[in-house]
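Peer 1: This is the structure, below, for whatever I ask next.
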Amino acid sequence: RVMDKSYYFNDKNVLAENEQYLLRKQLSEDKEVYYNLFSEISIIKGRMEEKMFRKYFEKIWVEEQNEDAIRVSIILREDGAYVGNITLRELNSKTPELGCDVVRRYQRQGVAYDALRLFMRQVSSISKIDYFLARIYSNNEPSLGLFQKLGATFIGKEPSEYQAFLNQLKDKDDENYEWLINLHPEMENIAGGKFIAHYKVTYKDIE
């Protein structure tokens, strides 16, 4: 059965809630707070002019609406503050990909752990899932620690996007690859120094 995005939310756009958090559909009114979060987590923000980065974000914002994914805003019940978002991709898979980002000022306060527990419990109750997949950079210690706390187990890895780019360049255009490596000899070490780890986690794994 194909999962419709609206299936996850009630008529008030809420996926799940408890005394601390409200997990609701990401709405157009969240765009600016989501932009602030997107700016905090982006690895290219510091390399682009503000106008260009905003233009890039606008493109991503539109593309994300059409993805096979749901995006959920994490709202604090206490004061209505937007504190982060959760993404679930490949909705019709039995191993959908789970991701979570938290606004910097609310990090290291248990937000991601509590919100993901709430999210996984609800999604697992309405959709047949073998496990949630998490893809995490090997040097992202906070995220690795978070998913290990959630009971995740390591199941494999893939090259970083940076390494994949270099591999592709080497295969297709060896001359330009050699030129690039001669110009920036540190690139291979940087690219090879981290990978994307794959973890699986289910709600029942959480103590």
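The values are calculated or read from the model by the stated rules, or taken from the named source; none is laboratory data. None of these values were measured; they are calculated from a predicted model. FYI the Cβ positions are ideal-geometry reconstructions off the backbone, even for glycines, and counts take in every protein chain you see. What goes into the accessible areas is simple: the full protein's heavy atoms, side chains included, and nothing from ligands, DNA or RNA. Shrake-Rupley method; radii C 1.70, N 1.55, O 1.52, S 1.80 Å.
Peer 1: Write out, first by first residue and then by second, each pair whose Cβ atoms fall under 7 Å of each other, whose residues are 6+ apart or on separate chains, and whose first residue, in the range 106-117, is open to solvent by 30 Å² or more (accessible area, probe 1.4 Å) while the second is among the hydrophobic types (A, V, I, L, M, F, W, C) and assigned to a helix (DSSP H, G or I).
Peer 2: 113/146
Rundown of residues vs (1) aromatic (Phe, Trp, Tyr); (2) at pLDDT 60 or above; (3) surrounded by fewer than 16 Cβ atoms within 10 Å (Cβ to Cβ); (4) not in a helix (DSSP H, G or I), yes/no style:
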residue: 134; (1), (2), (3), (4): no, yes, no, yes
residue: 146; (1), (2), (3), (4): no, yes, no, no
residue: 151; (1), (2), (3), (4): no, yes, yes, yes
residue: 178; (1), (2), (3), (4): no, yes, yes, no
residue: 182; (1), (2), (3), (4): no, no, yes, no
residue: 189; (1), (2), (3), (4): no, no, yes, no
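Peer 1: Of the residues 40, 63, 67, which is without any contact (Cβ under 8 Å) to a residue 12 or more places away in the chain, out of contact with any Gly (no Cβ under 9 Å at 6 or more places or on another chain) and of a type in the set (Asp, Glu)?
Peer 2: On inspection, the qualifying residue turns out to be 63.
Peer 1: Tell me, please, whether a residue that is more than 13 Å from residue 74 (Cα to Cα), of a type in the set (Lys, Arg) and in contact with a helix residue (DSSP H, G or I) (Cβ under 9 Å, 6 or more places away or on another chain) can be found in the range 29-41.
Peer 2: Yes, because at least one residue in the range 29-41 is more than 13 Å from residue 74 (Cα to Cα), of a type in the set (Lys, Arg) and in contact with a helix residue (DSSP H, G or I) (Cβ under 9 Å, 6 or more places away or on another chain).
Peer 1: Anything in the range 57-108 that is part of a helix (DSSP H, G or I) and not hydrophobic (A, V, I, L, M, F, W, C)? List them, or say none.
Peer 2: Once the filter is applied, which keeps residues that are part of a helix (DSSP H, G or I) and not hydrophobic (A, V, I, L, M, F, W, C), the range 57-108 yields 58, 59, 63, 64, 65, 104, 105, 106.
Peer 1: What number of residues within the range 118-132 are in a helix (DSSP H, G or I) and open to solvent by 40 Å² or more (accessible area, probe 1.4 Å)?
Peer 2: Selection size over the range 118-132: 5.
Peer 1: Out of 40, 67, 49, I need the residue that is open to solvent by 90 Å² or more (accessible area, probe 1.4 Å) and either in contact with a Cys (Cβ under 6 Å, 6 or more places away or on another chain) or of a type in the set (D, E, K, R) (or both). Which one?
Peer 2: After applying the criteria, what remains is 49.
Peer 1: Kindly indicate the residue of the range 24-56 that is outside any helix (DSSP H, G or I) and modelled with pLDDT under 95 and also farthest from residue 137 (Cα to Cα) among those meeting that condition.
Peer 2: Only one residue fits best here, namely 49.
Peer 1: Considering (1) under 17 Å from the mean Cα position of the chain (by Cα); (2) surrounded by 14 or more Cβ atoms within 10 Å (Cβ to Cβ); (3) closer than 18 Å to residue 97 by Cα, say which one residue 33 fails and leave the rest.
Peer 2: All conditions are met except number (3).
Peer 1: Is one or more of the residues making up the range 49-61 over 23 Å from residue 29 (Cβ atoms) and among the hydroxyl-bearing types (Ser, Thr, Tyr)?
Peer 2: no
Peer 1: Filter the range 1-15 down to residues that are more than 19 Å from the chain's Cα centre (by Cα) and either surrounded by 11 or more Cβ atoms within 10 Å (Cβ to Cβ) or part of a helix (DSSP H, G or I) (or both) and give me whichever is modelled with the lowest pLDDT.
Peer 2: Residue satisfying both the conditions and the ranking: 3.
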